[in-house]
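The values are calculated or read from the model by the stated rules, or taken from the named source; none is laboratory data. Every value quoted in this text rests on a predicted model; they were computed, and no experiment measured them. Here the Cβ positions follow ideal geometry from the backbone for every residue, glycine too, while neighbour counts run over all protein chains shown. Note: areas computed on protein heavy atoms with side chains; ligands, DNA, RNA excluded. Shrake-Rupley method; radii C 1.70, N 1.55, O 1.52, S 1.80 Å.
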Amino acid sequence: MTISADHTAHPDQASQAPAEDALSEAAKKFGITAEDYMLPARHQIEMVDPDGRLKPQGEQGTEPGHEYPLPGDDELLAAYEQLVVGRRVNDQNSALVRQGRMAVYPSSHGQEACQVAAALCLSKADWMFPTYRDAVAVMTRGVDPVQVMTIFRGDWHGGFDPLQHKVGIQCTPLTTQLLHAVGVAHAAKLRGEDTVVLAMCGDGATSEGDFHEALNFAAVFHLPVIFFVQNNKYAISVPLAHQSVAPSLAHKAVGYGMAGERVDGNDVVALLAVLDRAVKLAREGSGPLLVEANTYRMQAHTNADDDTRYRQNSEVAEWRAKDPVNRMRTYLTDRGLLDDDGEARIREKAEAVATQLRDGLSEDVPVDPQELFRHVFEKTTPQLKEQSALLADELARDAAASTSDSKEAGK
């Protein structure tokens, strides 16, 4: 059944099923069945092992229809640079929270490979919709670091212009960004735009109703959306085993009629390969895709969380050995793509970003209480005007009283 822009079915096209046809066509490209196209490969895609060695092709988890070329050297070097910057930013922001310069910061320490690959796989015209934990991805997309962190210092706005950067404001309500992403993709399709949307979420989001609604809508309307699930094993304190008993979160894709894939979320080489192809397929009209990245949240949920109450130190130590930054550094060094001078240059850039954050977040921000009313509606309502006037009068009386008190004290 074909659905028009006004969501009305055309009787003369009722026998057609564009989404099903597109799935079949996508499967034919790879010489496999539609079912094998939708189901993830039997093993997760992993190209570089935790020790930084390129795995033999037969051990990378690939199979017919799930084959991925190695990303180019320039792309890999760019990704490593952003990994190092992202790790430094995560550690710097954690320190800024302790110093009281930021109210909260959900660190992605250990998940930087997911963050970087999510941003680098997109073109400038594409959109990205991040979660509250995806500050490094937003920065990698080109947003000013201080603007990215504005939301975490408790300001009234998100810090940057979403339209300028094609990046949605980081969402704290769980999973709402997926609906926003689907809406933008739907609008782009109706306009005939060549736009791919990447919607980021965590494993906990897959337990939310908004997750189902977003995936179902994207599949039914055959939208160019990539749902990128960072499975870091915990929804705050709830382990994945208490959320889902599916073989993997990527297996959920087949239930919606879209392709799914799972990848080592600490292997930036594999992530770039999988996401690059996902973007290409979505842009070619193959419909939405679901990519699950298996990774780990190395630090607490936020600075307000005590992760020792629900996981063991031995578990954290096991994942520390799979660190994405060390893995990529070893791989590039062994291939002769990274030397000491290159490493020093990248570290210097990372430190410059950390300095920019320290300086920017240390500045006092002028507070204008009237901003409470200016940006609620396009046209200020009578109620808001009344409230604004009441506040202005109260502030004026407070200022007058303060001036009077000062004069009395000076006598």
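Worth pointing out:
- The residues of region 77-104 that are open to solvent by less than 10 Å² (accessible area, probe 1.4 Å) and either charged (D, E, K, R) or under 19 Å from the mean Cα position of the chain (by Cα) (or both), listed by number, are ALA79, TYR80, LEU83, VAL84, VAL85, GLY86, VAL89, ASN90, ASN93.
- Some residue of region 373-381 being assigned to a helix (DSSP H, G or I) and under 16 Å from GLY52 (Cα atoms): no
- Boolean, GLU67 is under 14 Å from MET328 (Cβ atoms) and either free of Cβ contacts under 8 Å to residues at least 40 places away in the same chain or in contact with a Lys or Arg (Cβ under 7 Å, 6 or more places away or on another chain) (or both): no
- Flag for THR206 being at pLDDT 95 or above, among the polar types (S, T, N, Q), assigned to a helix (DSSP H, G or I) and farther than 17 Å from VAL138 by Cβ: yes
- Comparison of LEU281, LEU275 shows that the only residue that is closer than 27 Å to ASP21 by Cβ, in contact with a Cys (Cβ under 9 Å, 6 or more places away or on another chain) and at pLDDT 95 or above is LEU275.
- Residues that are surrounded by fewer than 24 Cβ atoms within 10 Å (Cβ to Cβ) and either small (Gly, Ala, Ser) or out of contact with any strand residue (DSSP E or B) (no Cβ under 8 Å at 6 or more places or on another chain) (or both), drawn from region 206-221: SER207, GLU208, GLY209, ASP210, HIS212, GLU213, ASN216, PHE217, ALA219
- When LEU54 is tested against the conditions (1) open to solvent by less than 10 Å² (accessible area, probe 1.4 Å); (2) touching a residue at least 40 places away in the same chain (Cβ under 8 Å), the lone failure is (1).
- Scanning region 98-129 for residues being in contact with a helix residue (DSSP H, G or I) (Cβ under 8 Å, 6 or more places away or on another chain) and either assigned to a helix (DSSP H, G or I) or basic (Lys, Arg) (or both) gives a total of 10.
- First in region 74-86 and at pLDDT 95 or above, second anywhere and among the hydroxyl-bearing types (Ser, Thr, Tyr), Cβ under 6 Å, 6 or more apart: GLN82/THR140
- Residue within region 176-186 that is modelled with pLDDT of 95 or more, in a loop (DSSP other than H, G, I, E, B) and closer than 30 Å to HIS222 by Cβ present: no
- Residue check for ALA304: of a type in the set (Gly, Ala, Ser), within 31 Å of the chain's Cα centre (by Cα) and not in a helix (DSSP H, G or I): yes
- The set of residues from region 256-270 being of a type outside the set (A, V, I, L, M, F, W, C), in contact with a strand residue (DSSP E or B) (Cβ under 7 Å, 6 or more places away or on another chain) and more than 12 Å from HIS66 (Cβ to Cβ) comprises ASP264, GLY265, ASP267.
- Residue satisfying all of: in region 186-202; surrounded by fewer than 19 Cβ atoms within 10 Å (Cβ to Cβ) and among the small types (Gly, Ala, Ser); farthest from the chain's Cα centre (by Cα) among these: GLY192
- Among the conditions (1) assigned to a helix (DSSP H, G or I); (2) within 12 Å of PHE221 (Cα to Cα); (3) at pLDDT below 50, ALA5 misses just one, which is (1).
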